[in-house]
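See below for the structure under consideration.
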Amino acid sequence: MKIDLTDTNSSRINAAMVQARRDIGTPAVGMVLTLVIVTDEENAYDALKSANDASHEHPSRIVVVIRRASRSPRSRRDARLDAEVRVGADAGSGETVVLRLHGELVDHAQSVVLPLLLPDAPVVVWWPDGAPTDLAGDPLGALGQRRITDTYACEDPIRMLGARAGAYAPGDTDLSWTRITPWRSMLAAALDQQALAVVSATVEGEDDNPSCELLAMWLADRLQVPVRRTLSAGPGLTAVRLSTKDGDIVLDRADGHLATLCMPGQPDRNVALKRRDTAELLAEELRRLDPDNTYEASLKYGVSQLAAPDPTPDPEPAAPTEPAPPKPAKATKKAPAK
C-alpha cells in the first residue's frame, strides 16, 4: 500500500502509517530499528531497494530523506514537505516513509525526522553518497547510534579516509570496511592453522579502492609488519600475500568470485569469495550496533604509514660515445709586408 501526502507534516505522516497498518490488518509494530537514509533523487531508488532487501533480516522503519534543490529564490524561501508512506509488500518487512524536503526545510531535516523515529529502538543513519566529513556532528547523524557511509562513492576515496580518521566518533563505520570482512576472516583462519611469523605483506587491488587501503592498514596494525600496496586491473581487491620464512600465504581472487588459498606445505584450495551487493553489506552492518574498535584502529593507522613500493631501478648509463674529431682551424690571411 502506498499513500501520497503533499504539503504535510510529521503528525499527519504518523497518522497515515497507523491507518495503513490497520487497513492491511497488522496494527502491531514488530520492527527492531529505524534506518534513516540520507540521499538524493538519483540514488534514492537503489538505496531504498537495498534497504528493503536488508529489512528481511532486520525488520525496520525506513525513513528516506531527500533534499530537493530549489530553482528560484521564491521556492527556496517556501518550506514544504511531501511524503510517501509505504506499508505491506511495498515496504519489505517493515514500513517506509519517503520524505522530500523543499525550501528552508532542507536545513532542518532533523526536526522532521525526529517525530518519525520508533520509540525505544536504535537508530542507524546511512549516507549512500555525499556524506559529511563529521558524521557525529551532522544534525541527522547525531540522531543515530550507528552511522554508515561508503567511501568508495567519493571522488577521492584515499583522501576521504584521512578525513574520516580525523573526525571519527564511536559508531562510525563504512561499507568499504564491510566489503573486506570475508578477506579478514580467511586470512585470520589461515594464520590460525599455521603458526608462522609474518615478516611482510602485500595487498593488490585496483587504484583508489578504499577497501584495499583499509585491508592493508588492518594487516599493518595487527601484524606490526611493513605492508605494501600494489596495483592491479581489478575487479576490486585481487590478492593478498603474507611473506613468512617458510613460504608465502597467498589469497588470490582474480575474477571477483572464486579465490585460491595457497599455504606452505599444503595443497592449494579454492574458496568462495564473491563480491557482495549493497543489501548484503548493509544487513551485515545492522547486525551490530556497538562501536567497531577494530575499524577505528585500522582507520587511524593511516594510509601514509604503509610501506612504499619498491623503488624503480636506476636507468643504465648510456654507452660512451667516441669524441668528435676536432674542427680544422680557420686559415688567417697574412698582412702584406711593409
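Over the heavy atoms of R12, what accessible area does a 1.4 Å probe trace out, to the nearest 10 Å²?
Counting only protein heavy atoms, the figure is 140 Å².
Relative contact order, percent, of the range 134-224 when contacts are C-alpha pairs under 8 Å separated by at least 6 residues?
Working: 72 pairs, mean separation 28.7, N = 91.
Relative contact order for the range 134-224 comes out at 31 percent.
In whole Hz and in residue order, list the ³J(HN,Hα) couplings for the range 288-295 that follow from phi through the Karplus curve 6.51 cos²θ - 1.76 cosθ + 1.60, θ = phi - 60°; x for Gly and Pro.
In residue order, the calculated couplings are 10, 10, 8, x, 9, 5, 5, 4 Hz.
Rounded, prolate or oblate: pick one for the range 50-181, where a ≥ b ≥ c are the square roots of the eigenvalues of its C-alpha gyration tensor, a/c under 1.5 means rounded, and failing that, prolate if a/b is larger than b/c, else oblate.
Values: a/c = 1.79, a/b = 1.14, b/c = 1.57.
Oblate is the answer for the range 50-181, as a/c is 1.5 or above yet b/c matches or exceeds a/b.
Looking at the range 79-146, I'd like the Rg to Rh ratio, where Rg is from alpha-carbon atoms and Rh is Kirkwood's inverse mean 1/r. Provide the component values of the computation, followed by the final result.
Details: Rg = 13.0 Å, Rh = 13.5 Å.
Answer for the range 79-146: 0.97.
Based solely on its DSSP helices, what 222 nm [θ] is calculated for the chain when runs of n ≥ 4 H residues each add -39,500 (n - 2.57) and the sum is averaged over all residues, nearest 500 deg cm²/dmol? Intermediate results must be reported in sequence, preceding the final value.
Details: 10 runs with 96 residues, N = 338.
Rounded to the nearest 500, it is -8000 deg cm²/dmol.
If you roll a 1.4 Å probe over the heavy atoms of the protein chains, what accessible area per residue do you get for the chain, in Å²? If you can, show how the numbers build up before the last one.
Working: 17970 Å² over 338 residues.
Using a 1.4 Å probe on heavy atoms only, each residue of the chain averages 53 Å².
Under unit Cβ charges (Lys, Arg +1; Asp, Glu -1), what dipole magnitude, rounded to 20 debye, does the range 203-299 have relative to its Cα centre? Walk me through the intermediate numbers first.
On the way: 12 positive and 18 negative charges, 65 e Å.
About 320 debye.
Using only the Cα atoms, what convex hull volume per residue in Å³ does the chain have? Before the final figure, lay out the partial values.
On the way: hull volume 91.6 nm³, N = 338.
So the per-residue hull volume is 271 Å³.
So if I take the centroid of the Cα atoms in the range 251-298 and the same for the range 136-195, what is the distance between those two points in Å?
Measuring centre to centre over Cα atoms gives 14 Å.
Put E84, E41, E104 in order of accessible area, largest first, 1.4 Å probe: what do you get?
Values: E84 25, E41 75, E104 105 Å².
Descending accessible area places them as E104, E41, E84.
Only bridges whose two residues both fall in the chain count here: according to DSSP, what percent of them are antiparallel, nearest 5?
On the way: 32 of 62 bridges.
That works out to approximately 50 percent antiparallel.
At a probe radius of 1.4 Å, what is the per-residue accessible area of I158, in Å² to the nearest 10?
40 Å²
Can you list the HN-Hα couplings for the range 249-264, worked out from phi with the Karplus curve (6.51, -1.76, 1.60; θ = phi - 60°), rounded to whole Hz and with x for Gly and Pro?
Karplus values, whole Hz, x for Gly and Pro: 9, 10, 10, 10, 10, 8, 10, x, 10, 10, 10, 10, 9, 10, 9, x.
How high is the relative contact order of the chain, in percent, counting Cα pairs under 8 Å that sit 6 or more residues apart?
On the way: 617 pairs, mean separation 47.4, N = 338.
With pairs under 8 Å counted, the relative contact order is 14 percent.
For the chain, set up a GNM with springs between Cα atoms under 10 Å and report which of G265, G236, G144 has the largest fluctuation.
So, out of G265, G236, G144, the one fluctuating most is G265.
For T238, which sequence-distant residues (separation of 5 or more, or a different chain) have an amide H within less than 5 Å of its own amide H, given hydrogens modelled in the peptide plane?
E204, G205, E206
Using the scaling law 2.2 N^0.38 Å as the reference, what is the normalised Cα Rg of the range 1-48? All intermediate terms of the calculation are to be shown ahead of the outcome.
Numbers: Rg = 13.1 Å, N = 48, 2.2 N^0.38 = 9.6 Å.
Rounded to two decimals, the normalised Rg is 1.36.
Size of the dipole of the chain about the Cα centre, Lys and Arg at +1 and Asp and Glu at -1 on the beta carbon, nothing else charged, in debye to 20?
Values: 39 positive and 48 negative charges, 281 e Å.
The dipole of the chain has a size of about 1360 debye.
Can you list the HN-Hα couplings for the range 4-18, worked out from phi with the Karplus curve (6.51, -1.76, 1.60; θ = phi - 60°), rounded to whole Hz and with x for Gly and Pro?
9, 10, 10, 6, 10, 8, 5, 5, 5, 5, 4, 5, 5, 5, 4
Provide the solvent-accessible area of V32, counting protein heavy atoms only and rolling a 1.4 Å probe, rounded to the nearest 10 Å².
Near enough 80 Å² of accessible area.
Among K274, K245, K300, whose mean-square fluctuation peaks in a Gaussian network model of the chain (Cα, cutoff 10 Å)?
Highest fluctuation of the listed residues: K245.
If you roll a 1.4 Å probe over the chain with all protein chains in place, what percent of the accessible area is carbon or sulfur? Numbers along the way, then the final one.
Numbers: 9150 of 17970 Å².
Looking at the chain in its full context, I get 51 percent from C and S.
Would you work out which of G130, L114, G103 lies farthest towards the positive end of the dipole of the range 78-144? Charges go on Cβ: Lys and Arg +1, Asp and Glu -1.
Of G130, L114, G103, it is L114.
The values are calculated or read from the model by the stated rules, or taken from the named source; none is laboratory data. Predicted, not measured: the structure shown is a model, and the values here were computed from it. When we count neighbours, we look across all protein chains shown, and the Cβ atoms used for this are built from the backbone with ideal geometry, even at glycine. SASA here: full protein model, heavy atoms, side chains in, ligands and nucleic acids out. Shrake-Rupley method; radii C 1.70, N 1.55, O 1.52, S 1.80 Å.
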